[in-house]
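The values are calculated or read from the model by the stated rules, or taken from the named source; none is laboratory data. Everything quoted here is computed from the prediction, not taken from an experiment. Cβ: placed from backbone, ideal geometry, glycine included. Neighbour counts: every protein chain shown. Areas reflect the complete protein model, heavy atoms only, side chains present, ligands, DNA and RNA absent. Shrake-Rupley method; radii C 1.70, N 1.55, O 1.52, S 1.80 Å.
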Amino acid sequence: MRENVDVLIAGGGFAGLTLAIALRQALGPSFAVTVADPALGKSHADDERASAIVAAARRLFETLGVWDAVSGEAQPILDMVVTDSRLDDAMRPVFLTFAGEVEEGEPFAHMIENRFLVAALAEKAQAEGVTLVPRAVNGVADGLRTLGITADIGIGARLLVAADGARSTIRTNAGIATHGWTYDQSAIVTTVGHERDHGGRAEEHFLPAGPFAILPLKGNRSSIVWTEAKGEAARIVALPDDAFHAELEQRFKLHLGEINAVGARRVHPLGFFVARSFIAERIALVGDAAHVIHPIAGQGLNMGLKDVAALAEVIVDAARLGLDPGSPTVLERYQRWRRFDTVTMGIATDGLNRLFSNHSDVLRLVRDVGLGLVDRVPNLKRLFIREAAGLVGDVPKLLRGEML
Ligand SMILES: Cc1cc2nc3c(=O)[nH]c(=O)nc-3n(C[C@H](O)[C@H](O)[C@H](O)COP(=O)(O)OP(=O)(O)OC[C@H]3O[C@@H](n4cnc5c(N)ncnc54)[C@H](O)[C@@H]3O)c2cc1C
């Protein structure tokens, strides 16, 4: 006998686990949700990445009862400075500053190391009665899809959600193409310890090879997302410690005192793509399976959480009316809600990267005048902060901090 559930989620990263928790909390134990991922139960201790969790995403985690478990590890971003200079410029003039609150007492973002958040989500999913299966799902076994699908691991479901990341096999096997391109850039990610307190300040230094971001973590540590041309990034991470340190210091500078790289160095190739469709028959794509964008604005995961909040809302609305969560009407509502917004954000981050990652002095002048103007118009600045915090547009309930 095959096992049957209401929703089978392939992928137990941020997107998959968050969706599972949201569905169980809203629809209760009679709504069966399974998450399948070969990495479940494995340690994430070697994941060097940290993410900026914007205010809307924090509201979602608070509503789902996950935030308390990680808030002790989360560093609020209290302000942000943006500079634009050449690598060897002695001075880096500040063109834009943001004080970081969207509402009184609510920072526009927190930095948190990925491993803490994934562990807290897995624990919460288990506590909510989500079934966790440590296996890969690669797609749908052949057969009729009128009442549901059967995944290749023998689990039947009314809806299969692909939350299996950028190289989604479910997306490929469902025949969904992607639009996009790879950048000739990679991001070097590491953690840096420094003598002095960062005071909760995030820094984005636009250098000709790409942005160099210093993002505050708990303690005297910062997460570095350092964009370079692909070949140069590969050369830099392979350097011996002292030569790597010299490259790091040239970009980080010494305003926080002596620095040292305290974490492993990793390189991530960068690309931009959006799936041609976010849905197929009884299938929905969320998170990186649906889109990947340049990390210049730190919005990739936050966009994935917006997919999750929107999909959870349409499924819950349908299930409460006794409708089938995998029906075309439900899936089309999800796609209408998310696809256009995703394309807009993807193009905006791509444009930002092209505008800043180059050696043109004319473009530098243009963008510095632009940044200076934004800095002088408080209402425009406030709009930018609310947009970056995920609070503008048709925001799903969970991201507004409302229960489903
Ligand atoms: C350098 C860098 C910095 C970034 N910084 C930020 C930031 O500051 N803020 C932000 O919002 N975003 C950031 N991002 C983006 C963010 O990390 C991703 O968008 C996010 O991790 C995507 O989450 P996900 O759950 O969709 O996918 P993933 O985290 O990739 O999870 C996919 C899961 O699916 C599993 N899986 C794979 N194949 C299968 C299968 N066949 N069956 C079942 N399971 C499978 C994997 O084991 C994995 O657990 C950054 C990205 C990069 C590269």
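Across the chain, the relative contact order, built from alpha-carbon pairs under 8 Å that are at least six residues apart, equals 22 percent. With the convex hull built on the Cα atoms of region 74-123, state its orientation-averaged projected area in nm². Dividing the Cα hull surface by four gives the mean projection, 5.4 nm². Counting protein heavy atoms only, the chain has 56 percent of its accessible area on carbon and sulfur, 1.4 angstrom probe. For the pair region 294-334 / region 18-97, the C-alpha centres are spaced 18 Å from each other.
Taking the chain as a Gaussian network of alpha-carbon nodes connected by springs under 10 Å, the highest mean-square fluctuation of the residues Leu17, Leu301, Leu254 belongs to Leu254.
Our Cα-only numbers for region 257-344 put the radius of gyration and Dmax at 17.1, 61 Å.
Computed from the Kirkwood radius of its Cα pairs, the Stokes-Einstein diffusion coefficient for the chain at 37 °C and 0.692 mPa s stands at 150 µm²/s. For Ala90 and Arg135, the FRET efficiency from 1/(1 + (r/R0)^6), where r spans their Cβ atoms and R0 equals 60 Å, is about 0.60. Relative to the dominant Cα principal axis of the chain, helix 361-376 is inclined by about 70°. Label-to-label distance, Ser30 versus Asn260, with points set 7 angstrom from Cα along the beta-carbon direction: 6.0 nm.
Can you give the percent of C-alpha pairs in region 96-157 whose distance is more than 16 Å? In whole percent, the long-distance tail amounts to 69.
Dipole orientation for region 119-231: of the candidates Leu159, His198, Ala177, Leu159 has the Cα lying most toward the positive pole (charges on Cβ; Lys, Arg +1; Asp, Glu -1).
About its Cα centre, region 332-404 has a charge dipole of approximately 180 debye under the convention of +1 per Lys or Arg Cβ and -1 per Asp or Glu Cβ, with nothing else charged.
Separation of the alpha carbons by more than 26 angstrom is noted, of Lys218/Lys397; Lys42/Lys124; Lys42/Lys397; Lys124/Lys381; Lys253/Lys306; Lys230/Lys381, for Lys218/Lys397; Lys42/Lys397; Lys124/Lys381; Lys253/Lys306; Lys230/Lys381.
Taking the Cα centre of the chain as origin and assigning +1 to Lys and Arg Cβ atoms and -1 to Asp and Glu Cβ atoms, the resulting dipole is close to 840 debye.
In the chain, the DSSP-assigned H stretches of four residues or longer account for a calculated mean residue ellipticity at 222 nm of -11500 deg cm²/dmol, using -39500 (n - 2.57) per stretch and the full residue count as denominator. Taking other residues whose beta carbon is less than 11 angstrom from the beta carbon of Pro134, and scoring Lys, Arg as +1 and Asp, Glu as -1, yields +1. Model label sites at Glu281 and Gln126, defined 7 Å from Cα along the beta-carbon direction, differ in position by 3.8 nm. Figure legend: label point modelled 7 angstrom from the Cα of Lys218 along Cα→Cβ; residues of region 82-110 with amide N under 16 Å from it are 110.
Look at the dipole of region 1-138 built from charges on Cβ: of Leu8, Val94, Gly105, the Cα furthest out on the positive end belongs to Leu8. Counting DSSP beta bridges in the chain, what percent are antiparallel, to the nearest 5? Of those bridges, close to 70 percent are antiparallel. Given R0 = 30 Å, the distance between the Cβ atoms of Asn379 and Thr344 translates into a calculated FRET efficiency of 0.90.
About its Cα centre, region 258-404 has a charge dipole of approximately 160 debye under the convention of +1 per Lys or Arg Cβ and -1 per Asp or Glu Cβ, with nothing else charged. Answer with one residue from Gly322, Leu248, Gly263: the one whose Cα lies farthest towards the positive end of the charge dipole of the chain, charges on Cβ with Lys, Arg +1 and Asp, Glu -1. Towards the positive end, the residue furthest out is Gly322. All Cα-Cα distances of region 310-404, cut into 10 Å bins from zero to the largest, leave 13, 30, 27, 17, 11, 3, 0 percent in each bin in turn.
Of Met111, Met80, Met303, the residue with the greatest mean-square motion in the GNM of the chain, using alpha carbon springs below 10 Å, is Met80.
Largest GNM mean-square fluctuation across Glu62, Glu128, Glu232, computed for the chain with C-alpha springs under 10 Å, falls on Glu232. On a per residue basis, the chain carries 43 Å² of accessible surface, using protein heavy atoms and a 1.4 Å probe.
Here the contact order of region 229-336, divided by its residue count and restricted to Cα pairs under 8 Å and six or more residues apart, works out to 20 percent.
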